[in-house]
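Chemist: Shown below is the structure under consideration.
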Amino acid sequence: MEEAQQASAEDGNPVFGFVEAEWGGICKRMQKNVFPKDAVYAPLTEEYHPVLIDLDSKKEILFNGETMTEREFARKMEVQGTPTTLFFSADGDELGRQVGFIDTDELSLLLAYITSDQFPDVPLKEFKRGVF
């Protein structure tokens, strides 16, 4: 997380946080079937700084200058279910979130929306109409 935030501060690209649980079937399904797709993988690696957070992990991370475990991070972010996808600005402010499974088309759209000139002035629903 610290590296992603530093890189984000340097280039302005947002941080993409994926909060998952090792035991979560939906999380594994996204990792296996959604993230590898070109429509998701390309923008995720070129326009974002992705970070995987384990809801149950006691591994320490640094977020916004504060040391905490991944589990504490999930609590601090009030993650209610897995997977939870979080978007952060270069300043570490939350831009948005999506809870649950996101298919390839929807995640591709979200990735485009967050980095578009229309975010946050145009609601996602309107952005979807303009894209499709």
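The values are calculated or read from the model by the stated rules, or taken from the named source; none is laboratory data. These figures come from a predicted structure and were not determined experimentally. Glycine also receives a Cβ, built like all others from the backbone with ideal geometry; neighbour counts cover every protein chain displayed. The protein model used for the area step is the full one, side chains on, heavy atoms only, and it has no ligands, DNA or RNA in it. Shrake-Rupley method; radii C 1.70, N 1.55, O 1.52, S 1.80 Å.
Chemist: Would you pull out the residues with amide H under 5 Å of residue 69's amide H, same chain only if 5 or more places away, H placed 1.01 Å from N?
Modeler: For residue 69, whose amide H was placed from the backbone, the distant partners under 5 Å are 61.
Chemist: Using 1/(1 + (r/R0)^6) with R0 = 30 angstrom and r between the beta carbons of residue 69 and residue 126, what's the FRET efficiency to the nearest 0.05?
Modeler: Values: r = 39 Å, r/R0 = 1.29.
My answer for the efficiency is 0.20.
Chemist: Sticking with this one: Could you please state how large a percent of the accessible area of the chain is carbon and sulfur, counting protein chains only and using a 1.4 Å probe?
Modeler: For the chain, the apolar C and S fraction of the accessible surface comes to 46 percent.
Chemist: When 1/r is averaged over all different Cα pairs and the result inverted, which Kirkwood radius in Å belongs to the chain?
Modeler: Result for the chain stands at 15.1 Å.
Chemist: Full-extension gain between residue 7 and residue 91, please, as 0.36 nm times their residue separation minus the C-alpha to C-alpha distance.
Modeler: Between residue 7 and residue 91, full extension yields 29.1 nm more.
Chemist: Compute from the Cα atoms of the range 6-72 the Rg and the Dmax, the latter being the longest Cα-Cα distance, and quote both in angstrom.
Modeler: For the range 6-72, the Cα-based Rg and Dmax read 13.3, 35 Å.
Chemist: Further, regarding this structure: Between residue 26 and residue 78, how high is the FRET efficiency from 1/(1 + (r/R0)^6) when r is the Cβ-Cβ distance and R₀ = 25 Å? Nearest 0.05.
Modeler: Rounded to the nearest 0.05, the efficiency is 0.85.
Chemist: Counting only DSSP beta bridges with both residues in the chain, what percent are antiparallel, rounded to the nearest 5?
Modeler: 70 percent
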